[in-house]
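A.B. asks: Just passing along the structure, written as structure tokens.
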Number of protein chains: 2
Amino acid sequence: MSISFSLVSEDSNARLGKIITKRGIINTPAFMPVGTAATVKALTVDQVNQTGSEVILCNTYHLFLRPGVERIERVGGLHKFMNYNKPILTDSGGFQVMSLSKNTKITEEGATFNSHIDGKKIFISPEISIDIQKKLNADIIMVFDECPEYSKDKKRIEDSMNLSLRWAKRSKDEFGLNKDKYLFGIVQGGIFKDLRKICLMELQDIDFNGYALGGLAVGEPQYEMFETVEEISVLMPKNKPRYLMGTGTPGDLLGAVKRGIDMFDCVLPTRTGRTGLAFTWDGKINLRNAQYAKDDSPIDIRVNCPASQLYSKNYINHLFNCNEILASTLLTWHNIAFYQDLMSKIRQSISEFKFQEFFNQHFERLNN
Amino acid sequence: MSISFSLVSEDSNARLGKIITKRGIINTPAFMPVGTAATVKALTVDQVNQTGSEVILCNTYHLFLRPGVERIERVGGLHKFMNYNKPILTDSGGFQVMSLSKNTKITEEGATFNSHIDGKKIFISPEISIDIQKKLNADIIMVFDECPEYSKDKKRIEDSMNLSLRWAKRSKDEFGLNKDKYLFGIVQGGIFKDLRKICLMELQDIDFNGYALGGLAVGEPQYEMFETVEEISVLMPKNKPRYLMGTGTPGDLLGAVKRGIDMFDCVLPTRTGRTGLAFTWDGKINLRNAQYAKDDSPIDIRVNCPASQLYSKNYINHLFNCNEILASTLLTWHNIAFYQDLMSKIRQSISEFKFQEFFNQHFERLNN
């Protein structure tokens with residue numbers, strides 16, 4: 001069965017779609033929980049599935065370093081390795097080469113760097129990244145790109161973007177023909193919208209199955225990110241998925257869906273869940289705060305998840321005070337369930353052509 | 001509905017029984033997972049229930065210190081606080097006063113000590129311990145006893161035992177009439193069997209709903225523990241549950257069931273699960289060992305638990321290498337499921353009058 005995308009309906013710029021894969025349907029707009037090292041941190045696969053998540057993201061860079069490709073390829077790929085049967089998207093490693101590795105040296109050929117774990121010297125090229133992702137047997141694969149740090153030096157960003165475009169072409173060649181996998185191109189160009197437009201056009205010439213916006217949500221004000229998304233996403237082909245990488249807060253998701261984005265991933269609900277932060281329909285709360293010792297209500301009864309409904313804030317506050325693992329599990333579980341509840345209601349509102357109403361009703365509270 | 005015990009059948013000294021409570025039946029011999037701070041570490045309540053556990057143990061000392069009784073009593077007790085609907089046994093705190101607290105001073109009245117968490121000065125008497133346990137709303141409550149450290153000084157042990165007996169009487173008085181709760185006495189007496197026999201007789205004069213052996217499994221050789229269990233358990237009333245506290249390894253459980261014990265608790269399957277140790281029907285294995293990177297088989301297919309059957313040793317080894325929380329969850333889950341599988345098969349063998357055969361078949365391998 002080959003992978004396909006269909007645009008179901010549009011409500012102004014907001015889009016309702018389906019990515020149909022042999023491992024299940026991904027209803028878009030979709031949020032992908034992050035499973036960096038082949039586990040959504042603190043959750044079993046059953047718990048992830050119970051949140052309504054239909055796809056997760058894993059990291060090529062992390063898995064390449066640990067446990068290495070061989071141990072995953074040997075069992076037939078990531079799905080079997082981690083006992084997860086739904087679609088998986090793998091990031092190419094480009095972002096981690098920039099953000100995590102040491103002594104990184106970029107050449108035309110690829111990136112040489114020292115592992116952030118043991119300092120070991122590593123080389124990744126577009127060909128190596130795509131080869132790894134194919135061996136991981138991911139359903140959606142990302143091109144290997146250079147992710148420059150935030151810069152106002154246009155020449156630097158343009159050079160980097162052009163290198164990423166040449167790497168995108170090499171990624172496509174290495175990807176070859178794969179009817180049951182998607183390969184996505186990544187639009188770079190930093191804060192320069194003209195560069196991003198050129199980048200998108202050149203990527204479309206190479207022709208990918210979907211297009212991602214990279215290098216956003218890296219600390220710029222939200223309105224700047226929205227501006228960039230707004231200008232670029234409407235230029236993306238309508239019949240292919242649009243993915244805003246590494247984003248974001250519930251407010252970011254609402255604002256980006258409004259501007260035509262279909263897919264998101266972010267460590268926020270998982271990472272903050274481990275520190276005590278809960279996302280709710282009333283906004284964020286930190287369950288470590290002493291006030292919750294006196295609060296016997298559940299985190300958010302409106303979210304259809306055992307962690308959201310069956311455990312009191314009082315209890316979870318106690319678990320965090322005792323550094324109990326269950327605290328991280330329950331709050332991660334709830335946060336992802338909340339994100340999926342948000343996405344589900346976003347999709348519902350688009351299907352009823354009421355997205356703007358839904359946006360107006362929730363944006364301010366959720367964007368706090 | 002009042003709580004009751006019925007002895008279903010006997011196979012030599014091994015016993016099959018049922019503790020019937022308003023929250024469910026505890027089939028004995030039973031293993032109680034430890035939920036020190038109102039959570040079986042690293043597991044949700046659903047996961048605990050899936051292992052076949054029918055009762056858990058929580059700690060009065062820990063809960064008294066953190067979160068304090070008020071936050072639990074306010075919601076109606078431990079079951080509601082931690083969202084666990086099956087029976088709960090609470091330890092009285094006597095053992096933790098000895099093993100965890102600082103500057104402990106024992107008087108006739110009770111134990112004064114400094115909290116191991118924040119150094120705060122705390123006083124616990126038999127009356128306070130039983131009052132807390134009633135407020136926690138535990139189904140089975142333990143008398144507050146003095147737990148002397150291992151000693152060959154018979155006078156010291158005898159004095160301590162006599163103090164514990166006076167405390168046992170005060171515990172009984174404070175317990176009062178509770179048709180839906182059990183109060184268990186604890187046999188002390190250290191390594192001196194004559195003292196233990198006296199202690200048991202005196203406890204029987206006070207009259208408890210069940211009798212526990214305390215102060216064993218504290219580092220003595222296994223055969224010594226078995227000898228003590230053998231001499232004392234057969235003197236315990238047949239129509240009441242017999243509980244060997246803080247034990248043990250799978251081999252300990254087999255040997256103690258053979259000598260007439262009905263109930264066990266131990267941190268071993270949970271604590272070791274967090275460090276990489278798995279109990280299996282073939283004996284113990286440490287999944288941190290590099291050899292398991294090459295082993296794509298599940299931990300133990302014979303144990304009916306997702307953690308035992310659906311994840312490979314290769315994967316779990318990877319999770320431990322990355323310090324992933326899921327490693328602790330999966331291995332704790334498997335270990336408790338293995339313990340419950342062992343208890344279930346022990347009960348089955350007793351019901352078929354084949355316990356000795358079962359013992360002979362498994363003791364050596366499981367006692368490694």
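A.B. asks: How many residues does the stretch B:316-325 contain that are at the interface with chain A (Cβ under 7 Å from one of its Cβ atoms) and under 18 Å from A:Gln47 (Cα atoms)?
C.D. replies: The qualifying residues number 3.
A.B. asks: Turning to a different aspect of this structure: Just checking, which of B:Ser328, B:Ser308 is hydroxyl-bearing (Ser, Thr, Tyr), without any contact (Cβ under 8 Å) to a residue 40 or more places away in the chain and assigned by TED's automatic domain parsing to the domain that holds B:Asn368?
C.D. replies: Only one candidate qualifies: B:Ser308.
A.B. asks: Taking helices (runs of 4 or more DSSP H) that do not extend beyond the stretch A:28-100, which have at least 1 residues that are within 12 Å of chain B (Cβ to nearest Cβ)?
C.D. replies: Helices (runs of 4 or more DSSP H) meeting the threshold: A:45-50, A:60-65, A:69-73, A:78-82.
A.B. asks: Quick one: A:Met142 ticks every box in (1) touching a Leu at 6+ places or on another chain (Cβ under 8 Å); (2) surrounded by fewer than 21 Cβ atoms within 10 Å (Cβ to Cβ) except a single one, so which number is it?
C.D. replies: Among (1) touching a Leu at 6+ places or on another chain (Cβ under 8 Å); (2) surrounded by fewer than 21 Cβ atoms within 10 Å (Cβ to Cβ), the lone unmet condition for A:Met142 is (2).
A.B. asks: Additional query: Scanning the stretch A:295-305 for residues that are farther than 15 Å from A:Leu326 by Cα and of a type in the set (A, V, I, L, M), which turns out surrounded by the most Cβ atoms within 10 Å (Cβ to Cβ)?
C.D. replies: Among those residues, the one meeting the criterion is A:Val303.
For (1) away from every other protein chain (no Cβ under 11 Å); (2) on the phi < 0 side of the Ramachandran plot; (3) surrounded by fewer than 24 Cβ atoms within 10 Å (Cβ to Cβ), each residue gets a yes or a no:
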residue: B:Gly260; (1), (2), (3): yes, no, yes
residue: B:Thr275; (1), (2), (3): yes, yes, yes
residue: B:Thr280; (1), (2), (3): yes, yes, yes
residue: B:Leu287; (1), (2), (3): yes, yes, no
residue: B:Ala307; (1), (2), (3): no, yes, no
residue: B:Ser312; (1), (2), (3): no, yes, yes
residue: B:Ala327; (1), (2), (3): no, yes, no
residue: B:Leu330; (1), (2), (3): no, yes, no
residue: B:Gln340; (1), (2), (3): yes, yes, yes
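A.B. asks: May I pose another question? How about the stretch A:123-178: which of its residues are touching a helix residue (DSSP H, G or I) at 6+ places or on another chain (Cβ under 8 Å), of a type in the set (A, V, I, L, M) and under 29 Å from A:Ile191 (Cβ atoms)?
C.D. replies: Residues satisfying the conditions are A:Ile124, A:Ile130, A:Ile141, A:Met142, A:Val143, A:Ile157, A:Met161, A:Leu165, A:Ala168.
A.B. asks: Still on this model: Filter the stretch B:242-294 down to the residues that are closer than 25 Å to B:Ile350 by Cα and polar (S, T, N, Q), then identify the one that is nearest to the chain's Cα centre (by Cα). Steps first, please.
C.D. replies: At the first step, the residues of the stretch B:242-294 found to be closer than 25 Å to B:Ile350 by Cα are B:242-266, B:268-269, B:279-284.
Within this subset, residues satisfying the condition of being polar (S, T, N, Q) are B:247, B:249, B:280.
Numbers: B:Thr247: 6, B:Thr249: 12, B:Thr280: 20 Å.
Within the stretch B:242-294, the match that is nearest to the chain's Cα centre (by Cα) is B:Thr247.
A.B. asks: If you don't mind, there's one more thing I want to ask. Suppose we filter B:Asp282, B:Asp341, B:Asp252 for residues that are over 30 Å from B:Ile232 (Cβ atoms), acidic (Asp, Glu) and touching a helix residue (DSSP H, G or I) at 6+ places or on another chain (Cβ under 9 Å); which single one remains?
C.D. replies: Checking each option against the conditions leaves just B:Asp282.
A.B. asks: Take the conditions more than 19 Å from B:Leu254 (Cα to Cα), in contact (Cβ under 8 Å) with a residue 12 or more places away in the chain and under 17 Å from the mean Cα position of the chain (by Cα) and apply them to B:Val69. Does it pass?
C.D. replies: Considered against the rule, which asks whether it is more than 19 Å from B:Leu254 (Cα to Cα), in contact (Cβ under 8 Å) with a residue 12 or more places away in the chain and under 17 Å from the mean Cα position of the chain (by Cα), B:Val69 comes out as no.
A.B. asks: Which numbered condition trips up B:Arg15, out of (1) crowded, with 22+ Cβ neighbours inside 10 Å; (2) among the charged types (D, E, K, R); (3) within 14 Å of chain A (Cβ to nearest Cβ)?
C.D. replies: (3)
A.B. asks: Search the stretch A:107-116 for residues being assigned to a strand (DSSP E or B) and buried (at least 16 other Cβ atoms within 10 Å of the Cβ), and hand back the single one that is nearest to the other protein chains (Cβ to nearest Cβ).
C.D. replies: It comes out as A:Phe113.
A.B. asks: Another one. Would you call A:Ile350 in a helix (DSSP H, G or I), touching a helix residue (DSSP H, G or I) at 6+ places or on another chain (Cβ under 6 Å) and outside the structural domain of A:Leu253 (by TED's automatic domain parsing)?
C.D. replies: no
A.B. asks: Applying the selection to the stretch B:231-264, what residues are more than 25 Å from B:Trp281 (Cβ to Cβ), touching a Lys or Arg at 6+ places or on another chain (Cβ under 7 Å) and touching a residue at least 60 places away in the same chain (Cβ under 8 Å)?
C.D. replies: Residues of the stretch B:231-264 that are more than 25 Å from B:Trp281 (Cβ to Cβ), as a first pass: B:231-243, B:245.
Now drop any that are not touching a Lys or Arg at 6+ places or on another chain (Cβ under 7 Å), which leaves B:231-233, B:235-236.
B:Ser233, the sole residue that qualifies.
A.B. asks: Where the second residue is buried (at least 24 other Cβ atoms within 10 Å of the Cβ) and the first is free of Cβ contacts under 8 Å to residues at least 12 places away in the same chain and lies in the stretch A:335-349, which pairs have Cβ atoms under 7 Å and are six or more apart or on separate chains?
C.D. replies: none
A.B. asks: In contact with a helix residue (DSSP H, G or I) (Cβ under 7 Å, 6 or more places away or on another chain), surrounded by fewer than 20 Cβ atoms within 10 Å (Cβ to Cβ), at pLDDT 95 or above and away from chain A (no Cβ under 12 Å): is that true of B:Ser4 in this structure?
C.D. replies: Criteria not met by B:Ser4.
The values are calculated or read from the model by the stated rules, or taken from the named source; none is laboratory data. The shown structure was predicted, so the numbers you read here are calculated from the model rather than taken from an experiment. In this analysis, Cβ positions are derived from the backbone assuming ideal geometry, glycine residues included, and neighbour counts consider all displayed protein chains.
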